[in-house]
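The values are calculated or read from the model by the stated rules, or taken from the named source; none is laboratory data. As the structure is a computational prediction, the values presented were derived from the model and not from experiment. Backbone-built Cβ (ideal geometry, glycine too); neighbour counts: all protein chains shown.
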Amino acid sequence: MTTAKRTSAKKTAPKNRAAAISLARKAAYHVLLSVERGHSHSDDLLRGAAVNALSSPDRNLCTALVLGVLRWQIRLDHELQALLKHPNAKLEPEVRIALRLGAFQLLHLDRIPARAAIDESVELAKQAGHRFASGMVNAVLRKLAHQARTGEPVPLADSPADLALALAHPAWMVERWVSNYGIEAARAICLHGQSQPALTIRIDDAVVAGELATEGIDLQPGELLAVAQTVVSGDIAASAAFHHGRFRLQDEGSQLIAELASANPSQSFQIRSILDCCAAPGGKTLILAERNPQARVLACESSVQRIEPLRHRLAPLGDTIECRLADATTLAEDSAFDLALADVPCSGTGTLGRNPEIRHRLRPEDLLRQATRQRDLLRAAIRAVRPGGRVVYSTCSLEPEENEQVVAAVLAETPNAHQVSLEASIESLAAEGILIASAAPRLCASLTAEGALRLLPGAFHTDGFFVALIERNA
């Protein structure tokens, strides 16, 4: 962690006049407070009306502050606690957020003057009704500003506990990753969790790519798929093509799951009907429909809040897709589909860079609770496909309890189904030009002993995913 020199923080705002708080910091403070209280998720709040009303620069700063504080919260709290007069004192949420917000700016944002970071954090605490505590906020952040100017970078130690603290992840998570994947892979996962994920679009139209270039959007080829492009610079959300829906934002690993589901290595397998068990937000459903235009698609979603946005997103494909508000485990259509995608709800530990608050909310016991639901969905997907049909099971989790252990448990009780290696599917996608030339060997090297694909953050520039292919016996 690199510490930059800071602007002097000796002067404060006059005592008889409230310091102004920038719109970006005020919005970030309220988003963080809502997340702290468990009222909502950061990604929903950052897309909300309050943040969207900000100017583009303020919106960008607000997003950087929110995600940065959430990513570094564990280490920020550790640094701040050491500077408290009473280290074990319980702080009110409003004071805690003000301290974290100021500390993140001091330690991680080189272009923010220390005076602005400190004074506005103090004022946030005052305006939240904690005038007495605001003095403590001022004193603690000034001490931290001095350390930020004079302190040495913290080395990344090789023990799980030290690695967890240095890179602000829960120790129990890092210990698991070290045990399952080794110290270097765990370090790469943690580093990936502390960075902004690559912004990837799905685009196969050279005309649209040219239009984006004229608008100052710099793209470079994706790492895995021919239709994936990574945004290097430019405001992609402000482009005309974005507003007209002429490309889609979607993580490249997420796209790959639907591509693998659609792969047909032997060319003898006809896909006429597809079940998407947990379809929202619909990105994978769209790929399934596009790659299989001859098939009817049933897109199930059990969430009332998510079904209408899903229907709106899939509406351009017309009658080829049926969106149904339904729990896939209760479907009556047994043996009705050629292909089922069970992209199941999970802990999301493969998405900590994109959804940093997961690390603060998740507990080890949650993994077993998730696995119960995941096994039910996988059983339902296998029941739903005809003999000879295929099921793709996927998660954005790094945890074996939600991945290979779910597959093994369900197959152990399901004699009419077996797991199939994804190697042939990967090679088929490469032969069709869907995968770029260099991707297939790397993906095949990431297959488990059973033939499932594991994408680890840091090894690939994607979120973390697990994908397994299951075939129902003919």
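Some points to look at:
Let's see how each residue does on (1) more than 24 Å from the chain's Cα centre (by Cα); (2) assigned by TED's automatic domain parsing to the domain that holds Gly353; (3) at positive phi:
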position: Asp218; (1), (2), (3): no, no, no
position: Pro221; (1), (2), (3): no, no, no
position: Ile257; (1), (2), (3): no, yes, no
position: Asn264; (1), (2), (3): yes, yes, no
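- Checking each residue in region 350-394 for being surrounded by 15 or more Cβ atoms within 10 Å (Cβ to Cβ) and among the polar types (S, T, N, Q) picks out Thr351, Asn355, Gln370, Gln374, Ser394.
- For region 45-63, the criterion of being within 18 Å of Ser134 (Cβ to Cβ) and buried (at least 22 other Cβ atoms within 10 Å of the Cβ) is satisfied by no residue at all.
- Selection count, region 379-405, where residues are closer than 20 Å to Asp463 by Cα and either out of contact with any helix residue (DSSP H, G or I) (no Cβ under 9 Å at 6 or more places or on another chain) or in contact (Cβ under 8 Å) with a residue 60 or more places away in the chain (or both): 12
- Hey, Leu411 within 22 Å of Leu447 (Cβ to Cβ) and assigned to a loop (DSSP other than H, G, I, E, B) or not: no
- Any hit, region 209-224, residues being touching a Phe, Trp or Tyr at 6+ places or on another chain (Cβ under 6 Å) and at pLDDT 95 or above: no
- Criterion violated by Trp172 - all others in (1) touching a residue at least 60 places away in the same chain (Cβ under 8 Å); (2) buried (at least 21 other Cβ atoms within 10 Å of the Cβ); (3) within 17 Å of Gly348 (Cβ to Cβ) satisfied: (2)
- Residue selected from region 426-446 under the condition surrounded by fewer than 18 Cβ atoms within 10 Å (Cβ to Cβ) and outside any helix (DSSP H, G or I), by the criterion nearest to the chain's Cα centre (by Cα): Ser446
- Residues satisfying the stated conditions in region 380-400, i.e. closer than 20 Å to Leu422 by Cα, assigned to a helix (DSSP H, G or I) and either at pLDDT below 95 or not small (Gly, Ala, Ser) (or both): Ile382, Pro400
- Residue check, Ala449 in a helix (DSSP H, G or I) and out of contact with any strand residue (DSSP E or B) (no Cβ under 6 Å at 6 or more places or on another chain): no
- Boolean, Arg71 is among the basic types (Lys, Arg), crowded, with 24+ Cβ neighbours inside 10 Å and modelled with pLDDT of 95 or more: yes
- Qualifying position, being aliphatic (A, V, I, L, M) and modelled with pLDDT of 95 or more, among Ala206, Ala185: Ala185
- Filter result for Ala240 (out of contact with any Ser or Thr (no Cβ under 8 Å at 6 or more places or on another chain) and farther than 26 Å from Gly282 by Cα): no
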